[in-house]
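Undergrad: Following this message is one structure expressed as structure tokens.
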Amino acid sequence: MRTLIKNIGLLVGIVPEGVLKKAGKEMAETGTLENAWLLIEDGVIAAFGEMSYRDRRSSVSPEDVGDPLAGARDDRTEVIDAEGGMVMPAFCDSHTHIVYAGSREGEFLDKINGLSYEEIAARGGGILNSADLLHRTSEDELYAQSMARVREMVAHGTLAMEIKSGYGLNPEDELKMLRVIDRIKRTAWQAVPVKREAGSNVAEASSCCGAPTVRSTFLGAHAVGRGYTHEEYVRAVIEMTPEAARYADFIDVFCDEGFFTPEDTDRILKAGAAAGLRPKIHANELAVSGGVEVGVRNNALSVDHLERTTEAQIEALRGSETMPVMLPGSSFFLGIPFGNARGFIDAGLPLALASDYNPGSSPSGDMRFVMALACIRQRLTPIEAFNAVTFNAAAAMGISDSEGSITPGKRAHLILTHPGWNLTRLAYQYRTPWIREVIA
Ligand code: NIG
Ligand code: FE
């Protein structure tokens, strides 16, 4: 199966093969091509190039020697005319909590009336409130509600997502969440809209057309489950880990004030490592927690949140393999500081951005808005923010060898925009409809 996208006004996100992340000044750059074409073969980016002068005016004779487009011009090739639209890699969202039951709309008023995230949690609301509701919700219903969020994210241009457990908080319900994430992994293709052609079997068409990439994270240590003392619960999480590892790709701990200490985190991450799970952890959202350091020591793939950091955390990350991930959507929603993204990049570090889509601190999975917030509130340039929501975001979930950029051989997970868009306009005019088609 071949698809040719022609008349692309701007192709952005071109990265040479073999590069796996961008750091510091490299984040200010991305490969672009104006007036381009891109060829997809069996779901993979096969080639791209510039439209020739003649291409742009009319159709070209396929015999053109040395024309990479020539072989693609046959009846079996689907041709999409981009009509001057921009084509970019789809967003990768490396940090979400989209498997949850219901919502926390009830706490929204408490928040408006001035209660902080910590105060709501201390009153038995927050994560425990979501855990109670999840406990009462059937696995099928939880799956249905979560798939609606996958569809929403795909519609906003996200085609790779990490999903965490963490609203179970006991062995039974944590496993229920991990099974739901696993089911999403296997059925995520159903969230990609297909163009219906008369007589075609839609289900078959979509399963052959590709699916969002899903990664699963065991976040048993999200809060102390009801009925446990703190120490009992840390032990319970350690005991759950081998079973959780049957489904999960990564392990996470909410290492923060009032939740889990760096010592708890270290014990849990060691149990995760023994079960083959690499850490991706929550650190420094509510306080400078020691989470960055314990994450780096345990070779975390990423340390996430980082609303509060000092020079010490920047130093800890320097030279490490750990990707810092910031979540401006939760800063925006909770009214807490935005992470020092500018300082991180200026210090030569890589940076990824994610939505943190969850019912308590970031009820949105719109990565374009994340990109806009990073520009408007964290002073990233549009290209830096773009690299942070695509290529480096793929690195933060361990998939930058196969997606997150326009590179031959990578999965064709793409966004095609309406005519005239570019990365600056995307962040600047942040509420104007822009997506023409999400291509998986
Ligand atoms: O990343 N901080 C911890 N976990 C989530 C919030 C979860 C919730 O409030 O439901 C976060 O912000
Ligand atoms: Fe989170």
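Undergrad: Give me the number: length gained by fully extending Arg379 to Glu139, i.e. 0.36 nm times residue separation minus the C-alpha to C-alpha distance, one decimal in nm.
TA: 82.2 nm
Undergrad: Say we join alpha carbon atoms closer than 10 Å with springs in a Gaussian network model of the chain; which of Tyr228, Tyr167, Tyr100 then has the biggest fluctuation?
TA: Tyr228
Undergrad: Sort the chain into rounded, prolate or oblate with this rule: let a ≥ b ≥ c be the square roots of the eigenvalues of the Cα gyration tensor; rounded if a/c is under 1.5, and if a/c is not under 1.5, prolate when a/b is larger than b/c, oblate otherwise. Kindly include the intermediate steps, with their values, before the conclusion.
TA: On the way: a/c = 2.01, a/b = 1.65, b/c = 1.22.
Prolate, because a/c is 1.5 or more and a/b exceeds b/c.
Undergrad: Could you calculate the contour length gain from Glu118 to Arg226, that is, 0.36 nm times the residue separation minus the distance between their Cα atoms, to one decimal place in nm?
TA: Between Glu118 and Arg226, full extension yields an extra 37.2 nm.
Undergrad: Another question, if that's okay. If neighbour count is taken as other Cβ atoms inside 10 Å, put Ser103, Ser216 in order from fewest to most.
TA: Values: Ser103 14, Ser216 23.
Going from least to most buried by this count: Ser103, Ser216.
Undergrad: At 0.36 nm per residue, and after removing the present C-alpha to C-alpha distance, how many nm does the segment from Asp132 to Glu311 gain when stretched out fully?
TA: Fully extending the segment from Asp132 to Glu311 adds 60.5 nm.
Undergrad: Another question, then. With springs only between Cα atoms under 10 Å apart, run a GNM on the chain and tell me which of Ile120, Ile14, Ile268 wobbles the most.
TA: Result for the chain, Cα springs under 10 Å: Ile120 fluctuates most.
Undergrad: Dipole magnitude of the range 245-312 about its Cα centre, charges +1 at Lys/Arg Cβ and -1 at Asp/Glu Cβ only, in debye to the nearest 20?
TA: Around 400 debye, computed over the range 245-312.
Undergrad: Here's something else I'd like to know. Let's test the formula: R0 of 35 Å, r as the Cβ-Cβ distance of Glu17 and Ala148. What FRET efficiency results, to the nearest 0.05?
TA: 0.45
Undergrad: Could you work out [θ]222 nm for the chain from helices alone, using -39500 (n - 2.57) per DSSP H run of at least four and dividing by all its residues? Round to the nearest 500 deg cm²/dmol.
TA: Rounded to the nearest 500, the figure is -10500 deg cm²/dmol.
Undergrad: Using a Gaussian network model on the chain with a 10 Å cutoff between Cα atoms, which of Ile415, Ile80, Ile238 fluctuates the most?
TA: Ile80
Undergrad: Which of the listed residues, Pro242, Ala393, Gly124, is farthest toward the dipole's positive end in the chain, when Lys, Arg count +1 and Asp, Glu count -1 at the beta-carbon?
TA: Ala393
Undergrad: Continuing with the same structure: Using the Cα centre of the chain as the reference point, and only Cβ charges (+1 on K/R, -1 on D/E), how large is the resulting charge dipole? Debye, rounded to the nearest 20.
TA: In debye, rounded to 20, the chain gives about 620.
Undergrad: Would you mind telling me the antiparallel percentage of the DSSP bridges in the range 91-395, rounded to 5?
TA: 5
Undergrad: Under the definition of Cα pairs under 8 Å and six or more residues apart, what whole-number percent is the relative contact order of the range 303-440?
TA: Relative contact order comes out at 18 percent.
Computed from the coordinates by the stated procedures, all read-outs in this text should not be read as laboratory data. Note that this is a predicted model, so its numbers are computed, not measured. Note: ideal-geometry Cβ built from the backbone for every residue, glycine included; neighbour counts use all protein chains shown.
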